[in-house]
Amino acid sequence: MRDTLASLSPIQRAYLVGDQDGMELRGPARYYLGCDLSPARVPGIGDRLRRLVRANGILRTRVGADLSLSTMPGDTAAEVRADIRRVPDADFPGANDAVRRALSAEEFAFDGWQQVKVVVVRSDRRARLHLVYALWLMDAASLDLFLAELVSDRDDGENRTAEDRCPRSAGRDRSERDRRFWRARAAALPDPAELPLRPDWRHAGPEMTHRMVTVDAPVAAAVVRLASRHGLTPSAVYLTAYGAILGRLGGGVAHTVTVLHSRRTQLPTPDTLGNHGSTMPLEIPATTGQSLLDIARTVQSRCLSQAMHGSLGGAEIARLGDPNGDLRRLPHPYAFTALEVDGLREAWHGLRRRWDEVRLRVPQVLIDHQVVMEADGGVRLGFDWRTDAFDAGFMADFVDRYAAFVRELAESDDTWTRVPQRTPGPSPVKPRRSAAAAETLHGRVLRTAAGTPNSPAVHDAHGTLSYAELVEQAHTVAGLLLDAGARSGDRVAVHLPRGRGQVIAVLGSLLADCVYIPLDHGTPDGRLDAIARRGGVRFAITGGEPPADGRWVQRGVEPVPLPTPLPLPTVASGHRGRRSGPGRNPTAYAIFTSGSTGEPKGVVISHAAIVNTLDAVNDQLGIEASDCVLSVSSIGFDLSVYDIFGPLLRGGSVVMLSDQSARAPAVWAEAIARHRVTIWNSAPALASLLTEEGAATPSIRAFLLSGDWIPLTLPGALKAMAPAAEVISLGGATEGSIWSIHHRVGEADCGGRSIPYGKALAGQDVLVLDAERRVCPDWQIGELHIAGSGVADGYLNDPAKTAAAFFDDPELGWIYRTGDRGRRHPDGVVEFLGRTDTQVKLNGHRVELGEIENLLEKSDAIRRCAACVRGDGRRRRAIAYVSLAPDAPSGWRQEAYATLRDAVPQYMVPEALIALDEIPLTGNGKVDRRQLTALPLGDAPTDAATGAATGAATEPQRHGLHGHEVARCWQEALGEPPGHGTFFEAGGGSYDAIRMLSLLRGRHGYHVPFGDFMADPTWSGLVSLCRRARPAESSGIWTFRPRPCADPRLRLVLLPPVGGGVSCYSGLIRELAADVDVHVVGFDGPPAGFADGRSTLTGLARSCLQELPPEALGDVVPLVFGGWSFGGALAFEAARVCGVPVARVVVVDTPVSAGSRGCGDDAAAPAADGFVRDILETSGVAVEVEQLSTDPTLGSRFDVYRQNMALLRAWAPEPCDLPVVELRAGDDPAERDPGAWGRIGRVEQVVLLAGGHFGVFEGGNAHRVRKAIEGMRR
């Protein structure tokens, strides 16, 4: 019996489709179960197994490569065996362990009909039953009955033969109504919970880890009792608990889970086994501000109403919600199912399931949670998760947390009704207040200078200042400010060119007890106007340029020019004594950052806060007098605060660059060598520029990187320049006094998705808080906050912004809200997950641009990359800008797209890759994304795999033969030709797509992975995929296996007819038995070396043999060569020269005599007409002769046709003893002489076929050809 996949339930289709190439989290759907068994039940198990197989068509159903179904006859049940193994008692445990391991990894042949295996291990005293089966065969109810029938000693003598019974899914007449229901809801479903997945989770293997938790009957009964009191079912309560734990770990927001439910209308009987399940997405409400009872009632109501519309499966619903989404991925990979098991009944049958040894494998699922409610009142909580997708510690914590929550539900009704309130969390330890709280930056510098007055403090293009000289000149600046009327706490702008003057000016401002405001010398006038106004700036230390000073006067600011060149005149002793102590002003500086409204905001940093950060970092690095820092960052960027004061607090020195050398990596390298720089501190982009200079920098012992994503390749490049150096990632915010967190980068860190964020610096803490400002437990996503001694006082003269970003917590202290998302790991490491307010979403999918950048920067062709989002609404798209290496190959873009398509889902692949000379940077050395988004896109080059297919389909003629072949298979699968939309918009389903791809593979040799087509399910996109699937090789010859064959009994090699195409064999291949291993040879172009006129058919046969895989000719399986028309002649020559035994050659209407081969004809003139007719008859494609010169594909095929016709006419067949079966057309056969084949081979059989030359595979002919081939099966 043949059937279609549509006859199966949604869950059966999902299991089969989920095992296709290219699907995210693909894998086989398998279930293994071990059961203790009474030895008395072992006899007769084999007979009972065969009875079950005979009675249930589903257990005899074979799935073809195209997902067509065929049910084997009932008598095939006789082939089924239960493997009964008897072992001594002492060997019983080891024997069972071996069986469990083997069956847990069982890989049934995809197209094999036997998808269930039973093994029984027994000793004198014990027995154990092992069962593994493909999940699409049976649901939980069918498994219960299967086990009962398998071990039952009842023999009612029935001979059930439900020959064609393959259970149909119920309620298919409701599908249109259900589509309307889901179409209105699917698009609004939220994303799944965001759990801490490993960076490479998308490539996790099919292996799953299992854990089972037992809820004792008294605890389970308490849950049922309380649930009933509130009008809830137990399954709704457990589903809510599962969703609540997922939701809390994901940040407390609403999320979606996949619920498995049954579509059965009645319990199964022994002859109606099957899987009637389906899946549906279910929204779990946000946990914030709601009790568990509120959430559970919502969940139960939604679950019941949605189950009434259950004829569609999860994949179909996802397609309704996002028709243009990436159909390779299941959008909701956290699954739940509740089921009942009658363990008491099974015990009566002598059977007890070993729940801890269950092994489940499910495609497209990350966590599968099963709630098993047993007849004795107990509950088992099963968890199966993708082993490679999660850290083991996370899943252990997840299961423990869930189990503890269930116990809480049983113990108190208050757990159900309580709305979570703010409570102190277990983390953090409240940060210590630094002992340096009473110290000031300038006080510490003065103390250092007093101890080492002659040590170098500042280097620049004009030489070196000692500590004594630096302090002396800073006092002079302080005196100038005091003479101008400066008071304690006045704001002083430092607006100077790069160099020693900046260091002298900021230290002088502090000595005058003022607050310094550092400004880049190139800051635009408009921004200076805003800073002067918002910051209440009274004085500006300038370089004395009259126009600039005039502008400061217009702003109401008094300029204090420094004389040029320095040094400054010595300060009067009276000024030096006035402000040399700590002073009354607690604020050290205010640094202005860009605000979201465009208005700059000034971050106010106290002396206590910045001294805490500097000491914490210096302690981490062990900074001492011999250390030297190169200041590459602008003074307007807070990294400059460390560049200047980090070394000066410990007796070290700083190298100040000039404006001219600030962006000159060659000068940096020279300065590093000249001054023996030991500490590099910058944004990652500037460090990347240094690596490109290629100079060794062995003196550097630490690279400090912060302010932006760190490319995964950068630490290794820096270590190559300075092998002994550490690479340290620093993070935080300007509002946290430069940095609050650090991480020493190890080699293993560079193999993940991003460099870890790290742990808090001393005196600070990085807190993860939820929406209620509660400290999140480990693993839970929340918003990152900075607490402790480093937190800024707020924003200068802006109480509204201060109140929005800072708050005083009675338990945690003064807190800054960063706007970043993250979570804390059990070891204290904080994981950064991006911004809360700028998280990129494209067509409903979360996209992390840093992941795209890191992938592209791993390419040797790409120096740097920056990704951004362009466009609005549905036209939002990711664009990646790259700067190329000097030796980047011309095909860099294609290689980059191939890398991306292999690593991330299609929705994360940028629509365009645009090469720039340089990635633009801000003055702080960060990537200037605003400038990138302002660049014109123009005709940006797109991914050839996707970009060409986004518009409407064009006429097939524009795509030549490829387009015709695709269109023909498309129409056969859907019943209508391709149009302007996608395959699924035209009404196709996943199984229709698989059938179409199978047709393309079987007829034309195009092996297109299912996942690749799902990424771009359009006609033109599929044409592009077909072109890539079989690129033109230098040989012009290609081979393929149209279907897998695990245990062949015959091997068949089919050679192509004169045009090189092989679609003529597709029907025959489908007719052949499953144990016939088929290899097909075809031509895309004239093979190399066959255009000189001296080649022979024998030479072409040898070339074909060289392209076959070794296994095609390499074992004892009987080998048959075959071909139609010209292919028969080529098959004969291949068999003659292959060098291995050949069982027979099957020639189908093949000419062999000189007259029949047209040796005397002058066929040059009608060659084109003959080719056009050949294409029409074999492929059903009508082409014009004129297209042979305009379409490259047709032109190449025409060259093949002419070549092969010439080889056939020139063929001089040598007689040999090869066994030949000749099949001749009944009407006008190609070989007119009936005895011709007998003169060159040993003809064993002649079969007359109905019709003419082009109809030899039609109707009953295919069966006759099949018999001729399969006659040699061993």
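Below, the figures for the structure above:
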| read-out | value |
| --- | --- |
| Mean separation of Cα contacts under 8 Å, 6 or more apart, over the residue count of the chain: relative contact order % | 8 |
| Length added when fully stretched, H462-R1173, from 0.36 nm per residue minus Cα-Cα | 247.3 nm |
| Three-way shape label, region 180-417, alpha-carbon gyration tensor, a/c 1.5 | rounded |
| Contour minus Cα-Cα distance for R345 and T933 (0.36 nm per residue) | 204.9 nm |
| Table column - 3J(HN,Hα) (Hz), region 1216-1226, Karplus curve with 6.51, -1.76, 1.60, x for Gly and Pro | 7, 9, 6, x, 10, 10, 9, 10, 10, 5, x |
| From phi via Karplus (6.51, -1.76, 1.60), per-residue ³J(HN,Hα) for region 714-719 in Hz, x at Gly/Pro | 5, x, x, 5, 5, 5 |
| Built amide H within the under 5 Å cut-off of I862, gap 5+ | A885 |
| Cα-based helix-to-principal-axis angle, 217-229 vs the chain, degrees rounded to 10 | 80 |
| Label point distance in nm, H1263-E1071, each placed 7 Å from Cα along Cα→Cβ | 0.9 |
| Label-point separation, D887 to A720 (7 Å along Cα→Cβ), nm | 1.0 |
| Over region 1037-1270, relative contact order from alpha-carbon pairs under 8 Å, at least 6 apart, % | 23 |
| Additional length obtainable on full extension of the chain from R180 to D91, 0.36 nm per residue less Cα span | 26.1 nm |
| Region 29-153: C-alpha gyration tensor shape, a/c 1.5 cut-off, then a/b vs b/c | prolate |
| Debye, to nearest 20: dipole size of region 180-417, +1 on Lys, Arg Cβ, -1 on Asp, Glu Cβ | 680 |
| 0 to 90° range, to nearest 10: angle between helix 892-903 axis and the chain longest Cα axis | 80 |
| Cα shape, region 688-764, gyration tensor, a/c 1.5 rule | prolate |
| Point-to-point label distance, D391-F807, nm (Cα→Cβ direction, 7 Å offset) | 2.8 |
| Signed unit charges on C-beta, dipole axis of region 438-760, positive-most listed residue I741, F592, A486 | A486 |
| Reachable aspartates and glutamates, given that their alpha-carbon falls under 13 Å from the alpha-carbon of K1267 and they are not under 8 places away in the same chain | E1071, E1222 |
| Given charges at beta-carbon only (K, R positive; D, E negative), |dipole| of the chain in Debye | 1780 |
| Listed peptides 1125-1137, 626-638 by packing density, highest first (mean Cβ within 10 Å) | 1125-1137, 626-638 |
| Within the chain, helix-based [θ] at 222 nm, where runs of 4 or more DSSP H residues each add -39,500 (n - 2.57), nearest 500 | -9500 deg cm²/dmol |
| Relative contact order computed over region 438-760 (Cα-Cα under 8 Å; 6+ residues apart), in percent | 15 |
| Rg over Rh [alpha-carbon atoms, Kirkwood Rh] for region 1037-1270 | 0.94 |
| Protection proxy ranking, peptides 696-703, 1226-1233, average beta carbon neighbours within 10 Å, highest first | 696-703, 1226-1233 |
| Over 25 Å between alpha carbons, listed pairs K719/K858; K858/K926; K759/K858 | K759/K858 |
| Under 5 Å, built H, 5+ apart or other chain: amide partners of V458 | L465, V654 |
| Phi to ³J(HN,Hα) by Karplus 6.51 cos²θ - 1.76 cosθ + 1.60 over region 22-32, Hz, x for Gly, Pro | x, 6, 5, 6, 5, x, x, 9, 9, 9, 10 |
| Eligible aspartates and glutamates near K801 by straight Cα distance, threshold 14 Å, same-chain separation 8 or greater | E599, E735, D793 |
| Sequence ranges 736-744, 808-816, ranked by mean other-Cβ count within 10 angstrom, highest first | 736-744, 808-816 |
| Crossing angle, helix 1019-1029 versus the chain [Cα axis fit, 0-90 degrees, rounded to tens] | 80 |
| DSSP-defined beta bridges in the chain - what % are antiparallel, rounded to 5 | 60 |
| Using a Förster distance of 60 Å, the FRET efficiency for N797-M308 (Cβ separation, nearest 0.05) | 0.50 |
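Throughout, read-outs are computed from the coordinates displayed, never taken from laboratory work. Model, not experiment: these values are computed from the prediction. Note that we place each Cβ from the backbone using ideal geometry, even for glycine, and neighbour counts take in every protein chain shown.
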